[in-house]
Amino acid sequence: MLYAALLTAVGGAMLAATGEAAALMAPVRFARQGGILLALAGAYALRNCGLKPLAALGVGLVPCCAALFALLLRVPAAAGKPEVELSRGTSALVAAACYAGLNASLSAGVMCEVGKSGGRKETAFSCAAAAVMIGGMLLLGNAALMRQYGSIQRAALPVVALSGALGPVGYWLCATAMLIAVLTSYLAAVRALARMMPMRDKMGWLAALAITALVARLDFTTLIGYTYPALGAMCLLCFFKIFLDRSKVIHN
């Protein structure tokens, strides 16, 4: 139930963000609604294609993000040094741990599917490669964002807020990266959710798509700011329990 709630919340938020990204790239009437409908139709059409669509989108996402972060590093740093109080720093560490639990849980469905398709060595390599890639993106993104800490600390989408200083190139690069990022997150979430449904194949997918579409109508900032950390904290506790149970088995 916890994992289904997490997938539903993330799927709904990412579907809503897909509409926002579509509105950025196509400033026409009903662009947001059209983007959401295309994402729903695309996810349903790709339901039997395995992980290949996710992999293909990921190939484009990594260089887009790397290029965007590199450009943001060239933006003049905000005046003054970022001042972080100890109490706020502690709460930030707690929030980071909660978000880490959420993202690790979100990727678990895809990672388990990858693990089933290969041997132990291939699975270990996939996990190591994912850790290196994600770690590199986090370090690069953090370096770019910390330079502008004072102006973006309360922004829901700080990269979007900063990309305006990059001109048309930055605008389109940011919009493209955002669209691919939210699409891959949505596909990962709705795919895992559909596989959990009691009904299989078409009906399971239709149910997962309908649930995420309903959640997408909620406020995006509320989902990101409050629902995400709460679900992430619970998932983090589940991870600790898994590790403890696993260590007991190994010890015995």
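The values are calculated or read from the model by the stated rules, or taken from the named source; none is laboratory data. Please read all numbers here as calculations on a predicted model, not as lab measurements. FYI the Cβ positions are ideal-geometry reconstructions off the backbone, even for glycines, and counts take in every protein chain you see. Quick note on the areas: whole protein, heavy atoms, side chains included, nothing else; ligands and nucleic acids left out. Shrake-Rupley method; radii C 1.70, N 1.55, O 1.52, S 1.80 Å.
Remarks
- The stretch 1-151, relative contact order in percent, only Cα pairs under 8 angstrom and at least six apart counted: 29 percent
- Leading residue at positive end of dipole, the chain (Cβ point charges), from Gln148, Ala124, Ser107: Ala124
- Gaussian network model of the chain, springs between alpha carbon atoms under 10 Å - residue of Ala165, Ala39, Ala92 with greatest fluctuation: Ala92
- Pair Cys238, Ala104: separation of 7 Å Cα→Cβ label points (nm): 1.3 nm
- Per the Debye formula on identical point scatterers at the alpha carbon atoms of the stretch 91-238, with no solvent, log10 I(q)/I(0) at q = 0.12, 0.14, 0.17, 0.19 Å⁻¹ is -0.66, -0.90, -1.29, -1.48.
- Cα→Cβ-extended label distance, 7 Å offset, between Lys116 and Met1, nm: 2.5 nm
- For the stretch 148-153, 3J(HN,Hα) per residue [Karplus equation, 6.51 cos²θ - 1.76 cosθ + 1.60, θ = phi - 60°, Hz, x = Gly/Pro]: 10, 3, x, 9, 10, 4
- When Rg and Dmax are taken over the Cα atoms of the chain, they come to 18.9, 63 Å.
- Projected label distance in nm at Asp201 and Ala165, using a 7 Å step from Cα toward the beta-carbon: 5.4 nm
- Integer Hz, Karplus 6.51/-1.76/1.60 couplings in order for the stretch 236-248, x for Gly and Pro: 5, 5, 5, 4, 4, 5, 4, 5, 5, 4, 5, 5, 5
- GNM top mover of Ala70, Ala13, Ala188 - the chain, alpha-carbon springs below 10 Å: Ala70
- The gain in end-to-end length when the Arg217 to Ala97 segment is fully stretched comes to 40.5 nm, 0.36 nm per residue minus the alpha carbon separation.
- Rounded accessible area of Met196 (nearest 10 Å², 1.4 Å probe): 90 Å²
- Residue-averaged 222 nm ellipticity for the chain, from DSSP H runs of 4+ at -39500 (n - 2.57), nearest 500: -27000 deg cm²/dmol
- Only Lys, Arg, Asp and Glu carry charge here, each on its Cβ (+1 for the first two, -1 for the last two); on that basis the chain has a dipole of about 400 debye about its Cα centre.
- Using the Karplus relation 6.51 cos²θ - 1.76 cosθ + 1.60 with θ = phi - 60°, the per-residue 3J(HN,Hα) values for the stretch 125-131 come to 5, 4, 5, 5, 5, 5, 5 Hz, with x marking Gly and Pro.
- Max mean-square fluctuation residue, GNM over the chain, Cα-Cα springs under 10 Å, options Gly204, Gly232, Gly12: Gly204
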